[in-house]
Amino acid sequence: MDEEKDLAQRKKEAAERAKQLARERLAAKQAAEQAKQAAETGDARSDDLNPSSDVSDGPANEAPGGAAQPPSAEDIASAKKRVAEEVRAKAAELRRQREAAESGAEDDLELAKKKAAAAAKARAAALAKQKAAEAAGSDDELAKQKAKAAAAAKARAAALAKQQGDAADDEAKQKAIAAAKAKAAAAARAKAAAAGEDGGAAKPSASSPNDPLLQKYVRIIEEHLGPDVLEDAYINRLAKDVPTLVVPKEAYYKVAEFLKYNEQLRFDYLSELHGTDFQTHMEVYVHLYSYPNRQPVALKVKIERDNPEVDSLVPLWPGANWPECEAYDLLGIRFRGHPNLIRIFLGEHWVGHPLRKDYEPYDAEV
Amino acid sequence: MMLRTEEMILNVGPQHPSTHGVFRLILKIDGEIIQEATPVIGYLHRGTEKIAEGLQYTQIIPYTDRMDYLSAMTNNYVLCHAVETMMGIEVPERAEYLRVLAMELGRIASHLVWWGTYLLDLGATSPFLYAFREREMIINLLNELSGARLTFNYMRIGGVKWDAPDGWIDKVKQFVPYMREKLHGYHELVTGNEIFRQRVTGVGRYTKEEAISYSLSGVNLRSTGVKWDLRKDEPYSIYDRFDFDVPVRDGGDCLARYECRMAEIEQSLRIIEQACEQFPPEGPIMGKVPRIIKAPPGETFVRIEAPRGEIGCYIASDGKKEPYRLKFRRPSFYNLQILPKLLKGQNLANVIAILGSIDIVLGEVDG
Amino acid sequence: MMEQWLESTPSWSNIALFFGLGALLLAVVLAFVTYGILAERKVMGFMQGRIGPNQVGGRFGLLQTVADVLKLLLKEDTIPKAADRPLYVLAPIIAFTPSFMVLAVLPFTDSFRFADIGVGLLYYIAVSGLTTIGVVAGGWASNNKYALLGGMRAAAQMISYEIPLVMSALGVVLLAGSMNLVDIVAAQKDVWFIFAQPLAFLIFLIAAVAELNRTPFDLPEAESELVAGFHVEYSGFRWAFFMLAEYVYLFAMAALVTILFLGGWHPVAFLGWIPGAVWFALKFCAVVFVLIWFRATFPRVRADQLMEFAWKVLLPLSLVNIVLTAVVKAWFF
């Protein structure tokens, strides 16, 4: 890979992403406020607080060189992620404290103490993380402040809960359970609200939490492989907003190889591969996942129906072996370069490919 | 004088007690060392995906029961979840809790079957009976819930079919400490046994990179040190409300997979305990679902954590009552691919230990 | 009494007498096998949280094994087309006959015994080794790959474990100063050899389990790997012969352990008023119970580990035991 080019591209990306993030942060802030209101007891789950945090974060362990650029995209993203993590940690800590409260009522004091200590440790860890987030220093001060405020409020509530737990009586347990239930309900409400917003308002406006991801993929791919390799790129809203790339048959293997080996993409895991007969054309759908970056992508390729042939992905992901055999068996798609393309289910003597829409069952005796 | 030696082709299956179904393995062996292993599958292929193209969404649910028949609840769920994702249906709180309880009970039952049969493969007879005794209790619980013992057909798009009967939650609550105690006994009987450890330690080992490139998932992936559980990392349903750990081991061998599964039983018990605690006393069990379920045109792919790995469901819809194309990502099918690689160069006696540790269900492998 | 008969002049009545005695022993052994199998199933059922046979012959299933044997006798006798027919037919007999022959030298009490020969222990081990031939022949003649693998494993295993078996018994022989089993029992009048030779006892017990092809050393007939090992192609009464041989060996080996290490018919401490036959039966049952217990508890050892265990662990240990015993005997007796 050309390093200079990579750097320039990354800078460009950083600028664009910063813009993106500004927009996103606004949304996150709103969500945070909402969650805070809804969950007064303090159990705001991270994805309520920040619906985008799960998927939209940049690579956690960034490529070397990324850190050299002051407020780079990765930095901001990781800072954001850390905030999200810290909130998550808080929630976990809270849960643990609730547990401590419950068990404190039931069991002996020692256990409660132990759990409280663990909770305290967790809080310290959360604090440390918070500090780290602060140190990461970027311009999303506002959102972080919000989060911190929420966290502080939660910590207070938690401390209260802990006190109750130390009191160690049945009442406390009852209360804790009631609180837990209320919390769950509140969370559900918050989620529903968020979902309602997502489904209702966000849909037509065409902004998805995964937009930055998609843009990143497209940019990197077009940067390296030219603009012709992508037929289409969109967010598939029906499939949990997975960024979807459609590539022409000729570029299929090239793009797949790039997706696997590029430093910033590194889609090392093939989750799913299958074909579909759309009558006008055949399609192969590949769902990839990157464990280093924790990002998904769907790769689709359209092939003509009369002569369905496409490159095999087995050289890249050995895990594509059997799924490609399956697609060959049931749809007749031939994969070039497959080490052992067999009719894996039906056997070599079966007539026709059942999942083709024009399939007629054939029986020699009928 | 030179002795003439030749390689022997040994057919393991399709009828063999340790292939757990109709699975055939063609082994080319030299003495007792395996030169080459060729798996042959498809004996149980029933064309679920083809059948589904002619059925309405709700009608497909019973067919999913028959894929991974040891944890039918997760299969039910993945289909419902895919359709709900497409249609944007909100599932009521109580139904979500019932689903999670059913799925986690199913996960324990599935791991118990694995534990029993795996040790049967290794020549120990008693664990099988112990495991089935405990599994029977789970089956009875699920039977009370759904009316079936194996093919539950319990979940519906937008909720569940039946509400929990009176006192059911209490029974589940009582089951948790019982199971914990038995699990402790299992460890005492088997986990520390020297013969057992000798047979599984270092056997069937693969690295993290191999596991990822071969598309392994679930315990087969986690046993190599990849901390990845969709319940935790891409939370679906209400799994983000529970506090549980993702058991991970670094060994990548049969022992690591064994330990991971046993630890997962413990974690599932924790989830069940919390779910019982938080269970809403009342509420609807079906969300607002149109009378005729029609997924909007487009396609979806969702994946969730089944006992054997990630089970996924792809639906391409053209807006009709039936799916245009339905495809399940079946974890056993993907997990089994690594078998030829693992078996090469192994002693014949390890075949069963390795095959068993992957934990396949042939109904799922063959679709 | 037995010696007088053996030394008396041959006559028709003698022949009838010996035949009758042999038949009596066979009846005893068959009765043991019948109820030994039932006991095994009952005990294992108990250990595994189930009931075991409870339908045929009352609620304890007393006739279950009888019914099973009858079923086996009624089953069709199948011989694979490609099998080596004479050998296939002969194999179960070769496997069974030695198992019954070894019983001749076992003294059950001081009066209930048959042949009292000077090298009783040697005779037992030598003759029992013949069964291996039957097993290998059966596995080979079946013309089945699983059977062949099972037969080969059985041969390797039985030969390997015969060595620690003999070596550990040598310690006992050194202490008793005789290979005659009656003398060995007599030498345990005060101290059983299980206390004098604990290491030898452990080695002997392990090797005995391996010789018997029982869990955790049941590789030759590992059901989950080799389907059933050497007798996979056998059915009906031929299969019953293999099973019979196995359980007769169980009988013989449990008796041998009792004789070599548990003091045979000698009573415990002051309980001398209980007859020796009862003592022998009690000790014998204890050994059988332990063997069944093993079966309900252990997983199976892997083939290569099994070999390693015999040659690298048991054999050196038994050698050490012999040396120690010799040294102790030379200095203190």
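The values are calculated or read from the model by the stated rules, or taken from the named source; none is laboratory data. Note that the structure is a prediction, hence the values are computed from the model and not measured. Backbone-built Cβ (ideal geometry, glycine too); neighbour counts: all protein chains shown.
Kindly establish whether A:Val310 is among the hydrophobic types (A, V, I, L, M, F, W, C), more than 10 Å from chain B (Cβ to nearest Cβ) and in a strand (DSSP E or B).
Taking the combined requirement at face value, the residue satisfies it.
Quickly run through segment B:295-308 and pick out the residues that are out of contact with any strand residue (DSSP E or B) (no Cβ under 7 Å at 6 or more places or on another chain) and not in a loop (DSSP other than H, G, I, E, B).
B:Glu305, B:Ala306
Does B:Arg231 satisfy being under 30 Å from B:Ile60 (Cβ atoms) and within 14 Å of chain A (Cβ to nearest Cβ)? Spell out how you get there, then give the answer.
Values: under 30 Å from B:Ile60 (Cβ atoms): yes; within 14 Å of chain A (Cβ to nearest Cβ): yes.
Considered against the rule, which asks whether it is under 30 Å from B:Ile60 (Cβ atoms) and within 14 Å of chain A (Cβ to nearest Cβ), B:Arg231 comes out as yes.
Would you confirm, using the coordinates I've provided, whether B:Met73 is under 18 Å from the mean Cα position of the chain (by Cα) and modelled with pLDDT of 90 or more?
When the stated conditions are applied, B:Met73 passes them.
What number of residues in segment A:256-281 are charged (D, E, K, R) and in a helix (DSSP H, G or I)?
2
Can you name every one of the helices (runs of 4 or more DSSP H) wholly within segment B:188-242 that holds 1 or more residues which are without any contact (Cβ under 8 Å) to a residue 60 or more places away in the chain and buried (at least 19 other Cβ atoms within 10 Å of the Cβ)?
B:194-200, B:208-213, B:219-222
Only one of C:Val69, C:Val105, C:Val119, C:Val127 is surrounded by 22 or more Cβ atoms within 10 Å (Cβ to Cβ) and hydrophobic (A, V, I, L, M, F, W, C); which?
Values: C:Val69 fails: surrounded by 22 or more Cβ atoms within 10 Å (Cβ to Cβ); C:Val119 fails: surrounded by 22 or more Cβ atoms within 10 Å (Cβ to Cβ); C:Val127 fails: surrounded by 22 or more Cβ atoms within 10 Å (Cβ to Cβ).
Step by step, each of C:Val69, C:Val105, C:Val119, C:Val127 is checked, and only C:Val105 is surrounded by 22 or more Cβ atoms within 10 Å (Cβ to Cβ) and hydrophobic (A, V, I, L, M, F, W, C).
Considering segment C:286-321 alone, what residues qualify as being among the charged types (D, E, K, R), out of contact with any strand residue (DSSP E or B) (no Cβ under 7 Å at 6 or more places or on another chain) and outside any loop (DSSP other than H, G, I, E, B)?
Correct list: C:Arg295, C:Glu308, C:Lys312.
Does segment B:132-144 include one or more residues that are within 14 Å of chain A (Cβ to nearest Cβ) and either at pLDDT 90 or above or under 25 Å from B:Phe244 (Cβ atoms) (or both)?
Initially, segment B:132-144 is screened for residues within 14 Å of chain A (Cβ to nearest Cβ), giving none.
Checked against the condition, which is being within 14 Å of chain A (Cβ to nearest Cβ) and either at pLDDT 90 or above or under 25 Å from B:Phe244 (Cβ atoms) (or both), segment B:132-144 yields no hits at all.
So, in segment C:81-112, how many residues would count as being in a helix (DSSP H, G or I) and hydroxyl-bearing (Ser, Thr, Tyr)?
Adding up the residues that qualify gives 3.
Could you give me the residue pairs with C-beta distances under 6 Å whose first residue belongs to segment B:268-281 and is within 12 Å of chain A (Cβ to nearest Cβ), whose second residue is of a type in the set (Gly, Ala, Ser) wherever it lies, and which are 6+ apart or on separate chains?
B:Gln278/A:Ala180; B:Gln278/A:Ala184
Does segment B:119-143 hold any residues that are touching a Pro at 6+ places or on another chain (Cβ under 9 Å) and in a helix (DSSP H, G or I), and which are they?
Answer for segment B:119-143, where residues must be touching a Pro at 6+ places or on another chain (Cβ under 9 Å) and in a helix (DSSP H, G or I): B:Leu119, B:Leu120, B:Asp121, B:Pro127.
Check B:Gln35, B:Gln15 and return the single one that is under 23 Å from B:Val113 (Cα atoms), surrounded by fewer than 20 Cβ atoms within 10 Å (Cβ to Cβ), away from chain A (no Cβ under 14 Å) and more than 22 Å from the chain's Cα centre (by Cα).
Working: B:Gln35 fails: under 23 Å from B:Val113 (Cα atoms).
Checking each option against the conditions leaves just B:Gln15.
Just wondering, is there one or more residues in segment B:87-97 that are more than 10 Å from every other protein chain (Cβ to nearest Cβ), more than 23 Å from B:Lys288 (Cα to Cα), among the charged types (D, E, K, R) and surrounded by fewer than 24 Cβ atoms within 10 Å (Cβ to Cβ)?
No, there is no match, as no residue in segment B:87-97 is more than 10 Å from every other protein chain (Cβ to nearest Cβ), more than 23 Å from B:Lys288 (Cα to Cα), among the charged types (D, E, K, R) and surrounded by fewer than 24 Cβ atoms within 10 Å (Cβ to Cβ).
Among the residues of segment A:235-280 satisfying the criterion of being more than 11 Å from chain B (Cβ to nearest Cβ) and farther than 19 Å from A:Leu313 by Cβ, which is surrounded by the fewest Cβ atoms within 10 Å (Cβ to Cβ)?
A:Thr280
List every residue pair whose Cβ atoms lie under 6 Å apart, where the two residues are 6 or more positions apart in sequence or sit on different chains, the first residue falls within segment A:320-338 and is within 10 Å of another protein chain (Cβ to nearest Cβ) and farther than 14 Å from B:Gly42 by Cβ, and the second residue, located anywhere, is in a helix (DSSP H, G or I) and not charged (D, E, K, R).
From residues that are within 10 Å of another protein chain (Cβ to nearest Cβ) and farther than 14 Å from B:Gly42 by Cβ, the pairs are A:Asn321/B:Gln337.
Check off (1) within 14 Å of chain A (Cβ to nearest Cβ); (2) in a loop (DSSP other than H, G, I, E, B) for B:Asp250 and give me the number that stays unchecked.
(1)
In segment B:50-81, what residues are within 14 Å of chain A (Cβ to nearest Cβ) and within 26 Å of B:Trp114 (Cβ to Cβ)?
B:Met67, B:Val78, B:His81
Scanning segment C:206-220 for residues that are assigned to a helix (DSSP H, G or I) and not hydrophobic (A, V, I, L, M, F, W, C), which turns out farthest from the other protein chains (Cβ to nearest Cβ)?
Looking at the filtered set, the residue picked out is C:Glu211.
Answer yes or no: is there a residue in segment A:282-296 that is part of a strand (DSSP E or B), facing chain B (nearest Cβ under 9 Å), over 22 Å from the mean Cα position of the chain (by Cα) and surrounded by 19 or more Cβ atoms within 10 Å (Cβ to Cβ).
Yes, there is a match, as at least one residue in segment A:282-296 is part of a strand (DSSP E or B), facing chain B (nearest Cβ under 9 Å), over 22 Å from the mean Cα position of the chain (by Cα) and surrounded by 19 or more Cβ atoms within 10 Å (Cβ to Cβ).
Say whether the condition of being of a type in the set (Val, Ile, Thr), assigned by the TED database to the domain that holds C:Arg85 and surrounded by fewer than 18 Cβ atoms within 10 Å (Cβ to Cβ) is met by at least one residue in segment C:244-267.
Among the residues of segment C:244-267, not one is of a type in the set (Val, Ile, Thr), assigned by the TED database to the domain that holds C:Arg85 and surrounded by fewer than 18 Cβ atoms within 10 Å (Cβ to Cβ), which makes the answer no.
One residue is enough: does segment B:335-348 have a residue meeting the conditions modelled with pLDDT under 90, in contact with a His (Cβ under 7 Å, 6 or more places away or on another chain) and in a helix (DSSP H, G or I)?
Checking segment B:335-348: not a single residue is modelled with pLDDT under 90, in contact with a His (Cβ under 7 Å, 6 or more places away or on another chain) and in a helix (DSSP H, G or I).
Any idea how many residues of segment B:136-158 are of a type in the set (Gly, Ala, Ser) and farther than 15 Å from B:Asn75 by Cβ?
Adding up the residues that qualify gives 2.
Could you say whether any residue in segment C:322-332 is crowded, with 21+ Cβ neighbours inside 10 Å, in a helix (DSSP H, G or I) and away from chain B (no Cβ under 14 Å)?
There is no residue in segment C:322-332 that is crowded, with 21+ Cβ neighbours inside 10 Å, in a helix (DSSP H, G or I) and away from chain B (no Cβ under 14 Å).
Counting only residues that are within 13 Å of chain C (Cβ to nearest Cβ), of a type outside the set (Asp, Glu) and touching a strand residue (DSSP E or B) at 6+ places or on another chain (Cβ under 7 Å), which one in segment B:18-32 is farthest from C:Asn144 (Cα to Cα)?
B:Thr19
Going through C:Ala200, C:Ala254, C:Ala269 one at a time, which residue ends up being more than 14 Å from chain B (Cβ to nearest Cβ), more than 19 Å from C:Val102 (Cα to Cα) and either charged (D, E, K, R) or part of a helix (DSSP H, G or I) (or both)?
Step by step, each of C:Ala200, C:Ala254, C:Ala269 is checked, and only C:Ala200 is more than 14 Å from chain B (Cβ to nearest Cβ), more than 19 Å from C:Val102 (Cα to Cα) and either charged (D, E, K, R) or part of a helix (DSSP H, G or I) (or both).
Could you say which residue among B:Ile315, B:Ile292, B:Ile311 is in a loop (DSSP other than H, G, I, E, B) and either surrounded by fewer than 18 Cβ atoms within 10 Å (Cβ to Cβ) or within 11 Å of chain A (Cβ to nearest Cβ) (or both)?
Of B:Ile315, B:Ile292, B:Ile311, the one residue that is in a loop (DSSP other than H, G, I, E, B) and either surrounded by fewer than 18 Cβ atoms within 10 Å (Cβ to Cβ) or within 11 Å of chain A (Cβ to nearest Cβ) (or both) is B:Ile292.
From B:Leu25, B:Leu79, which residue is aliphatic (A, V, I, L, M), part of a strand (DSSP E or B) and crowded, with 20+ Cβ neighbours inside 10 Å?
B:Leu25
Could you figure out which of (1) buried (at least 18 other Cβ atoms within 10 Å of the Cβ); (2) under 32 Å from the mean Cα position of the chain (by Cα) isn't true of A:Gly332?
(2)
Here are B:Arg222, B:Arg205, B:Arg199, B:Arg180: which of them is within 14 Å of chain A (Cβ to nearest Cβ) and among the basic types (Lys, Arg)?
Unique residue meeting the criteria: B:Arg222.
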